[in-house]
Every structure is written in C-alpha cells, then in structure tokens.
Amino acid sequence: MSGCVGQIDNKLIGSWKSNREKSVAECFKVVPSRHNLEPDKQQRFAEIFGNITQTYTENEVTIESKGEIFTVSYKVVERGKNYLVVEYLPEISPEEKIQYTLRFEDNFNSYWVNEGTDFPENYTKIQKRLTN
C-alpha cells in the first residue's frame, strides 16, 4: 500500500459517466459467448451500461441513474500508481461497507471497476473539478 490512506485523492474528484461502448466491448471480450446472444438480447445487455454518472467530492459521491439520485460517503483505503481502493459507507447501514478497486487509464481520464469479473465497467471523466 502506498500513499496516505483516507485522504483526498484529486484523481477522483469530479464527474464520471459510465462508458457504454468500452464497457460492453470488454464484457463481450471476457465472456465471448455473449456474441451468440440474439441481437435484441445483446441490445438489452448493452443498455445495462451508460446510465450512471458519479460525482465525487472530497468525501462523498453522488450517483445518478435513470432519474434516481443518492449520495454516500466514501474513503480511499488503498492507493497505488494507477489505482485506488475506495470504500463506500452507506449511511443507512454503515456496517455494509462496499469496496471497489478503480484502475485508472488514459492519463487518469477514465477508470475501470469490477475488473476480473463478468461485468467490468468503464467510467470516463466528464467534468473537471470546480474551483471556488
């Protein structure tokens, strides 16, 4: 583990949009049998992605998806040269912490989550940090 854990990481601050095209391509790559799905099922599968926008501030993330918006606290629990491990802390049940590894690419303008699973998802930065 490197860096100071639990502190702000400016790579993450800003807004990120789920990238349907990259996510679907990677999902079909990791599970090639998805190419055998009927076209309408491939389309429905693709519609899983591209719907979420996440906006990170210093200690909260606001998630918008299909008209629903909610905000949760988060903290960075591990960091490396090109990745962060982020722990999300739902206020309703903080004991149900969720951790994801975010692996950055494209000069920190996109990141992957759920790598190594059947549903990797890519997020692309859509807004730079606003200054006061």
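The values are calculated or read from the model by the stated rules, or taken from the named source; none is laboratory data. Just so it is clear, the model here is predicted, and its values are computed rather than measured. A quick note on method: Cβ atoms are made from the backbone with ideal geometry, for glycine too, and the neighbour counts reach across all protein chains shown.
At-a-glance table
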item	result
Residue selected from the range 51-73 under the condition among the charged types (D, E, K, R) and in a strand (DSSP E or B), by the criterion farthest from the chain's Cα centre (by Cα)	GLU68
Matching residues in the range 65-85 - criterion: being under 24 Å from GLY50 (Cβ atoms), surrounded by fewer than 12 Cβ atoms within 10 Å (Cβ to Cβ) and touching a residue at least 12 places away in the same chain (Cβ under 8 Å)	LYS66
Positions within the range 115-126 being buried (at least 17 other Cβ atoms within 10 Å of the Cβ) and either closer than 17 Å to ALA46 by Cβ or hydroxyl-bearing (Ser, Thr, Tyr) (or both), in sequence order	PRO120, GLU121, ASN122, TYR123
Residue that is modelled with the lowest pLDDT [pool: residues in the range 108-132 that are assigned to a loop (DSSP other than H, G, I, E, B) and over 13 Å from ASN10 (Cα atoms)]	ASN132
Qualifying residue in the range 91-101 (condition: modelled with pLDDT of 90 or more, within 13 Å of ILE13 (Cα to Cα) and not aromatic (Phe, Trp, Tyr))	no
Residue match in the range 86-97 (condition: assigned to a loop (DSSP other than H, G, I, E, B), of a type in the set (A, V, I, L, M, F, W, C) and in contact (Cβ under 8 Å) with a residue 12 or more places away in the chain)	no
